[in-house]
Amino acid sequence: MRSRVRWFVAVGLLALVVGMIGGVPQAQTQAFKVCSDIAWPPFEWVDARGQFVGFDLDVMRIVALLKGYRIDIQNLAFDSIIPAVVAGQCDIGASGFTITEERKRVVDFSDPYWESNQAVLVHAASGLNIITAFKAGQIIGAQRGTTGADWVEQNVIKQGINVTLRLYETYPLAEQDLINRRIHAVVEDEPAAKVAVKTSRGALKIAGMINTEELFGFLVRKGDPNRLLPRINDGMKEMKRKGIWNNLIEAYFGVDVNLDRVAQCYADLKGWLDRNQPEAYAENLAACMSGQTYRRP
Amino acid sequence: MQRLEKLELIWQSLPLLGEGVLVTMTLTISLLGVGLLLGIPVALGQAYGPRPVRLLMSSYERFFRAMPILVLLIVCFYGLGFWGIYVPAFGTAVVVFGLHSSAYQSQIFRGAIQAIKEGQLLAARALGMSRLQAIRYIVLPQALRLSLPGWSNEYSGVLKDTSFVFAIGVTELTRQGWQIAMRTREIFLVFITVAVIYLILTYLGTWLLERIERRLSVPGLAGQRREEHGRVI
Amino acid sequence: MSSEYKVSSEASFVVRVADLHKRYGSEEVLKGVSFAVRQGEALAIIGPSGTGKSTLLRCINRLTEPDRGRIWLENTEITNAKTDINKIRQQIGFVFQDFNLFAHLTALDNVRLGLTKVKKLSLKEATERAMIELRRVGLAEQAQKYPAQLSGGQQQRVSIARALAMDPKLMLFDEPTSALDPELIGEVLHVMQDLADEGMTMIVVTHEMGFARSVCDEVIFMEKGVIVEQGPPEQIFTQPKQPRTQQFLSKISELYGRTSS
């Protein structure tokens with residue numbers, strides 16, 4: 001961590017000089033830059049030790065291992081990722097992007113790697129179920145621009161049910177309002193909703209699921225100039241074949257998983273990745289995250 | 001029991017928040033430096049330059065004051081990418097914020113120059129000093145002193161503006177707080193802590209500038225007013 | 001009514017002014033002024049406010065650029081575009097009505113700055129010289145004080161010391177006592193009188209008729225941008241030839257009492 005601090009200072013000073021003489025092109029490295037908004041557990045987040053962890057990032061790391069290239073992970077605001085990929089500042093966008101026709105016009109997507117449905121979160125003490133949650137007069141929260149918000153718009157409000165849709169910049173703010181009982185329900189991605197239930201200490205529960213069948217994909221610059229998509233798609237297939245995929249899903253989305261363990265688990269186990277043994281990494285990560293015994297490299 | 005856990009959470013978050021503070025402060029200090037280096041010539045150009053220079057400096061100042069900082073950041077960082085020029089995010093941030101701040105700092109400095117009596121410059125010229133000497137030995141030392149209160153404002157202003165830089169991937173204090181909040185869902189607690197840190201940083205900075213101001217203060221210098229007749233030399 | 005004073009090339013003239021014109025917009029403030037000052041002479045310029053006296057003084061070291069006419073300092077033509085005006089200004093001391101001491105510098109530094117930055121003296125030499133001048137105006141004790149800590153009279157004496165330190169060939173005083181409280185005027189006039197007695201060549205724009213009469217060797221009465229009358233003080237103050245001069249002097253004596261010292 002300290003070296004990162006020093007890096008910041010050094011780069012800051014260097015950049016000051018470089019930036020002032022007009023910017024010198026960076027030397028082309030062999031590594032590809034993976035950009036992600038690392039604040040979205042369990043897909044990607046920053047753990048208590050400052051490590052970048054999560055499902056998307058592990059998939060990116062392991063595919064790179066299997067296909068023989070290096071990656072640098074860059075933490076970047078979600079809204080900036082597609083512009084950065086288009087401008088060539090990032091090679092891969094890996095941040096739980098839903099594959100949409102609109103996005104396909106500006107970037108290319110990998111094969112889908114995740115199917116997400118929407119969960120309806122309610123306060124545990126409210127007694128609401130998936131039907132009563134959408135009663136007339138209720139206030140429903142969702143993150144602006146998400147499938148959840150769209151679903152409420154299309155399937156509740158446009159059907160003539162008089163609910164109020166309150167939009168938030170980001171869903172944890174909606175969850176906070178739900179805990180404070182200022183709104184009646186929140187519609188959001190299932191994995192995120194599960195995390196919310198766990199961290200709310202019993203204040204929230206999932207009233208039910210809505211099948212929207214959104215698909216997540218990794219994205220690259222239009223035309224895939226670095227020929228990355230075949231490698232990513234191949235790599236993901238290989239992960240599934242070798243059982244790595246299921247172990248990662250177990251590690252991040254399993255029933256007994258405590259995401260707070262990740263700081264310890266990742267620190268202990270990332271050596272497996274350095275030793276080029278992704279199978280051992282995924283297997284032990286799944287064990288560690290659900291509190292079972294695991295083997296360090 | 002739960003309260004204790006929350007205290008512990010804050011305690012454990014301090015190293016990460018500290019990293020954020022370091023980035024925020026490095027950025028703030030660098031950008032103020034760049035802004036100062038650019039802002040002074042802009043102000044001098046506006047106050048003493050020939051007409052074309054004055055116009056140029058005024059348009060520079062207006063341009064950067066009109067531009068939202070986020071737009072500038074994105075245009076510079078991603079725009080240059082289209083031309084195949086890849087600049088480091090932190091360097092881009094320093095330069096973009098520096099340019100933006102130089103416009104504001106030039107205003108502060110120009111105000112200070114205008115507060116200096118015309119006779120000061122006349123007296124220097126009458127001694128046989130060149131324009132440049134008069135500006136260097138008479139105008140600058142006085143104007144810099146008069147600018148210090150304005151810079152206190154500028155410091156606390158840009159300190160908060162730096163939270164925009166995550167748009168180009170620089171993780172500063174607010175973003176560090178955000179990342180902790182997303183992990184722990186303790187949004188309120190984390191951001192109260194972040195707010196307190198900003199408060200401390202603002203207080204420390206203005207305290208330091210006030211100290212400098214007092215250290216450099218000269219009796220009677222702040223109370224001067226501009227003479228009515230226009231530019232003489 | 002411009003003076004018919006003949007411009008001579010005699011070396012004993014320190015400053016010569018020939019046919020000086022200056023216009024601010026539509027108003028012509030100097031309409032052809034000519035005169036000369038000999039080595040060691042103290043010249044007083046008197047006249048009503050707004051008649052171009054200060055402009056004339058500022059033209060002499062080109063703090064104000066004249067529109068037309070020529071000025072020489074000894075044999076150097078000040079008005080020549082090729083002349084390095086900064087070199088000329090070093091040789092002409094200028095004392096302003098409102099002192100214009102550098103507000104951020106002590107009295108000592110005010111006097112020293114021109115020596116170190118313009119004359120490029122070492123700090124030690126400059127300090128010695130500056131202290132001599134401060135002693136001469138009676139302010140050695142106040143050397144470390146800032147302008148705001150000094151009285152108006154003290155500030156004006158520092159500004160005289162600042163000008164003298166540069167070893168000027170000519171001193172220009174632009175109403176040096178007009179901004180002072182009456183009780184502070186004396187100390188400044190006293191310093192100026194000493195200076196004149198030591199043989200400093202000086203031009204003094206002033207409303208202090210007593211000073212003009214008793215200290216100066218020559219007096220010019222100016223009005224509306226021209227020299228109305230010029231002569232020794234006895235002549236100007238006791239037998240003015242021009243009716244305008246008489247009117248002005250009688251008005252002054254009504255306002256300020258007797259003009260004799």
Practice task
Name the helices (complete DSSP H segments) of chain B with a Cα length along the long axis of 24 Å or more and a Kyte-Doolittle mean of at least -1.0, or state none.
Solution key: B:2-48, B:89-115, B:140-161, B:187-216
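Determine the order of A:ASP72, C:ASP174, A:ASP91, C:ASP197 by accessible area, beginning with the largest, at a probe radius of 1.4 Å.
Reading off the accessible areas and sorting them downward yields C:ASP197, A:ASP72, A:ASP91, C:ASP174.
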Fill in the blank from the handout: Rounded to two decimals, the Rg over Rh value of the protein assembly as shown from Cα coordinates and the Kirkwood Rh reads 1.21
Practice task
Could you tell me which helices of chain A pass both thresholds, a Cα extent of 24 Å or more along their own axis and a mean Kyte-Doolittle hydropathy of at least -0.5, with helices taken as whole DSSP H runs?
Solution key: A:2-20
Handout entry: Whether chain C is rounded, prolate or oblate, judged on the alpha carbon gyration tensor where a/c under 1.5 counts as rounded
Key = oblate
Exercise for the section: For chain B, with a Gaussian network of springs between Cα atoms less than 10 Å apart, report the residue from B:GLN12, B:GLN105, B:GLN176 with the top mean-square fluctuation. Expected result: B:GLN12
Problem - Shape of segment C:1-125, Cα gyration tensor, a/c cut at 1.5 - result: prolate
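What does the helix-only formula give at 222 nm for the protein assembly as shown: each DSSP H stretch with n ≥ 4 adding -39500 (n - 2.57), the total divided by the residues, and the result rounded to the nearest 500 deg cm²/dmol?
My calculation for the protein assembly as shown gives -15500 deg cm²/dmol from helical runs alone.
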Completion exercise
Sites removed, the longest contiguous part of chain C containing no DSSP-loop trypsin sites (Lys or Arg not before Pro) with at most 14 other Cβ within 10 Å is C:121-240
Problem - Radius, Kirkwood style, for segment A:118-214 when every pair of distinct Cα atoms is counted (Å) - result: 12.8
Exercise for the section: Counting only C-alpha contacts under 8 Å and six or more residues apart, can you give the relative contact order of segment B:10-136 as a whole percent? Expected result: 36
Practice task
Kindly identify residues of segment B:145-169 having a loss of at least 20 Å² in accessible area between the isolated chain and the assembly of all protein chains, probe radius 1.4 Å.
Solution key: B:PHE166, B:ALA167, B:GLY169
Completion exercise
Any chymotrypsin sites (Phe, Trp or Tyr not before Pro) in segment B:1-83 that lie in a DSSP loop and have at most 12 other Cβ atoms within 10 Å would be B:TRP83
Fill in the blank from the handout: Per its Cα gyration tensor (rounded if a/c is under 1.5, else prolate when a/b beats b/c, else oblate), segment A:150-293 is best filed as oblate
Fill in the blank from the handout: Inter-part gap, Cα centre of segment B:96-138 to Cα centre of segment C:83-160, in whole angstrom, is 21
Handout entry: In Å², nearest 10: area of C:ASP19 left accessible to a 1.4 Å probe
Key = 70
Problem - Relative contact order for chain B, counting Cα pairs under 8 Å that sit 6 or more residues apart, in percent - result: 28
Handout entry: Principal axis box of segment B:81-233, alpha-carbon based, largest edge first, Å
Key = 68, 43, 24
Handout entry: chain C, relative contact order in percent, only Cα pairs under 8 angstrom and at least six apart counted
Key = 25
Handout entry: Alpha-carbon gyration tensor eigenvalues x 5, square-rooted, for chain A, Å
Key = 34, 24, 19
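The values are calculated or read from the model by the stated rules, or taken from the named source; none is laboratory data. The structure presented is a predicted model; accordingly, all values stated were derived computationally and were not measured. Every residue, glycine as well, gets a Cβ built from its backbone with ideal geometry; the counts of neighbours run over all protein chains shown. Calculation scope for accessible area: heavy atoms of the full protein, side chains included, ligands and nucleic acids excluded. Shrake-Rupley method; radii C 1.70, N 1.55, O 1.52, S 1.80 Å.
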